[in-house]
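Comments concern the structure below.
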Amino acid sequence: MLIRNCAGGVVFDGEKVFLLKNEKDEWVLPKGVIRNGYLSNEVAVDRVKKEAGISAEIISTAGQTNYEFFSFTRKKPVCNRITWYIMKALDSSFNVSKEDGFQDGCFFTLEEALDRISYSQDKALVRLSYDKYKEMITQLALA
């Protein structure tokens, strides 16, 4: 089995979270493979910018998820291990990368996002990240 280390972002703008619609009509979070000695946080920020056109800053770690699939091009199973970061968008603009196979993208309320997200572990990740994000924003406002 090929194991790939990846990184991605759960990006918030106020009360909303960003999702991408991929070529399989699945609503997912921006992420990518860590290559060439880059750090996971660098890859996460870069993929959010490349795939979604969003400038964002990391405010916390969000956790890790794993998923496996069979790669027909490699003719073997692949396991993606993804390190996730909670991010705050620096503004509300986005530009979905059609070149990377994405069809659409948008900032959604938590409820809208949970209705759309294709994978249960991503739903759990977004729900927990939202709670942590709200707590951190509240603490910053009180400081």
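Key figures for this structure:
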item	result
Linear extension gain, GLU42 paired with GLU111, 0.36 nm per residue minus alpha-carbon span	21.9 nm
Nearest 10 degrees, 0 to 90: helix 40-52 Cα axis against the chain principal axis	90
Principal semi-axes in Å for region 8-64 [√(5λ), Cα gyration tensor, largest first]	18, 15, 10
Mean-position separation - Cα centroids, region 61-118 and region 1-30, in angstrom	1
The chain, helix-only ellipticity at 222 nm - DSSP H runs n ≥ 4, -39,500 (n - 2.57), divided by all residues, nearest 500	-9500 deg cm²/dmol
Signed unit charges on C-beta, dipole axis of the chain, positive-most listed residue PHE12, TYR85, GLY53	TYR85
Cα centre as origin, Lys/Arg/Asp/Glu Cβ charges: the chain dipole, Debye	660
Lys, Arg +1 and Asp, Glu -1 on Cβ, resulting dipole of region 1-63 about Cα centre, debye, nearest 20	220
Helix 120-142 axis, angle to the chain major axis (alpha carbon atoms, nearest 10°)	30
Under Karplus coefficients 6.51, -1.76 and 1.60, residue-wise ³J(HN,Hα) of region 81-93 in Hz, glycine/proline x	9, 10, 9, 10, 10, 7, 10, 10, 5, 7, 7, 8, 7
The chain, relative contact order [Cα under 8 Å, separation at least 6], %	32
Of LYS49/LYS134; LYS98/LYS134; LYS75/LYS123; LYS49/LYS75, pairs whose Cα-Cα distance is over 26 Å	LYS98/LYS134; LYS75/LYS123; LYS49/LYS75
Cut-off under 5 Å, modelled amide H: who pairs with THR61 long-range	ILE86
Approximate spin-label separation ASP131-PHE69, in nm, with each point projected 7 Å along Cα-to-Cβ	2.9
Burial ordering of MET1, MET87, MET136, fewest other beta-carbon atoms within 10 Å first	MET1, MET136, MET87
Taking the convex hull of Cα positions in region 24-143, its mean projected area over all directions (nm²)	8.5
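Just so you know, all these numbers are worked out from the coordinates, no wet-lab data involved. Note that the coordinates shown come from a computational prediction; the quantities given were computed from them, not determined experimentally. Note that each Cβ is placed from the backbone with ideal geometry, even for glycine, and that neighbours are counted across all protein chains shown.
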